[in-house]
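Report on the following structure.
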2 protein chains.
Amino acid sequence: MIKYGNSATEKNLGGGVCRKILAFGEEIMAVEVSFEEGAVGSVHSHPHSQISYVLEGRFEARIGGEVKEISQGDSYYTEPDMPHGVVCLEKGKLLDVFTPMRMDFLS
Amino acid sequence: MIKYGNSATEKNLGGGVCRKILAFGEEIMAVEVSFEEGAVGSVHSHPHSQISYVLEGRFEARIGGEVKEISQGDSYYTEPDMPHGVVCLEKGKLLDVFTPMRMDFLS
């Protein structure tokens, strides 16, 4: 299955955050999330493992008890059920990849 | 676990291809692969599911029987054991994410 970033459907999540579902299969799903400066991805958790990669911009990431500033080319791993979130310091985009896929994103 | 793109170790695989292991856990691993123009990621397969995302450049991707030209922002999903490979048409970089992690990349 090949999915094209430009033709993927974008969903406005409000608060300056938009989500675009990219390629996925049962075991893995890629999602592009864009943030306006100051937008917040609230701290939350889920049973999926996750890797986030900074495509553009600058973020303050909270993963577990750790707080780090991350920018283009940085990535982090979030284990299942670990609380994590970001605050966007400079307008940008994250690529979030989950295993297994996020069924909840399709509804 | 947070890994920084710039401090990750880069491995020269030869033929104009370099690989940098980024964040990972047991279930998921992110890898940045850079290609010189004309460099080839030969068609191969593995039991891991994979998503590839084009960070920069332009590639001809072969996934299963399908051949597609992909560029920045495009992504594709490769199911377990499906033959896949790329030819780099314009110097660039892929972000490859695997589930489970690639133990073989650590040795």
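The values are calculated or read from the model by the stated rules, or taken from the named source; none is laboratory data. Since we're looking at a predicted model, the values are computed, not measured. Glycine gets a Cβ as well: all are built from the backbone with ideal geometry, and neighbour counts include every protein chain shown. Please note that ligands, DNA and RNA were not included when accessible areas were found on the heavy atoms of the full protein model with its side chains. Shrake-Rupley method; radii C 1.70, N 1.55, O 1.52, S 1.80 Å.
What percentage of the solvent-accessible surface of the protein assembly as shown, computed with a 1.4 Å probe over protein heavy atoms, is contributed by carbon and sulfur atoms?
49
If amide hydrogens are placed 1.01 Å from N in the peptide plane, which non-local residues have theirs closer than 5 Å to the one on B:Glu56?
B:Lys93
Quick one: compute the contact order of chain B, relative version, from alpha carbon pairs under 8 angstrom and 6+ residues apart, as a percent.
Worked out over chain B, it gives 31 percent.
If I model a spin label at B:Ser45 and A:His44 as a point 7 Å from the Cα along the Cα→Cβ vector, what separation in nanometres do I get?
3.7
What list of ³J(HN,Hα) couplings, whole Hz, do you get for region A:29-35 from phi and the Karplus terms 6.51, -1.76, 1.60, once you set θ to phi - 60° and write x for glycine and proline?
In residue order, the calculated couplings are 9, 10, 9, 9, 10, 9, 10 Hz.
Find, to one decimal place in angstroms, the Kirkwood hydrodynamic radius of chain B, where the mean of 1/r is taken over every pair of different Cα atoms and then inverted.
Over chain B, the inverse of the mean reciprocal pair distance is 13.8 Å.
For chain A, what does the accessible surface come to per residue with a 1.4 Å probe? Please give it in Å².
That works out to 45 Å² per residue.
Taking only pairs that are 8 or more places apart or on different chains, how many Lys pairs in the protein assembly as shown have Cα atoms under 15 angstrom apart?
Pairs that pass both the separation and distance tests number 10.
Name the residue farthest towards the positive end of the dipole of chain B from the options B:Thr78, B:Ser49, B:Leu95, assuming +1 on Cβ of Lys and Arg, -1 on Cβ of Asp and Glu, about the Cα centre.
Going by the charge dipole, the pick is B:Leu95.
With θ set to phi - 60°, apply the Karplus curve 6.51 cos²θ - 1.76 cosθ + 1.60 along region B:56-66 and write out the HN-Hα couplings as whole Hz, x wherever there is a Gly or Pro.
Coupling constants for region B:56-66: 8, x, 9, 9, 9, 9, 10, 10, x, x, 9 Hz.
Using a Förster radius of 45 Å, what is the FRET efficiency between A:Thr9 and B:Ser107 based on their Cβ-Cβ separation? Nearest 0.05, please.
Plugging the Cβ-Cβ distance into 1/(1 + (r/R0)^6) gives 0.65.
Interface B/A, total buried accessible area with a 1.4 Å probe, nearest 100 Å²?
2700
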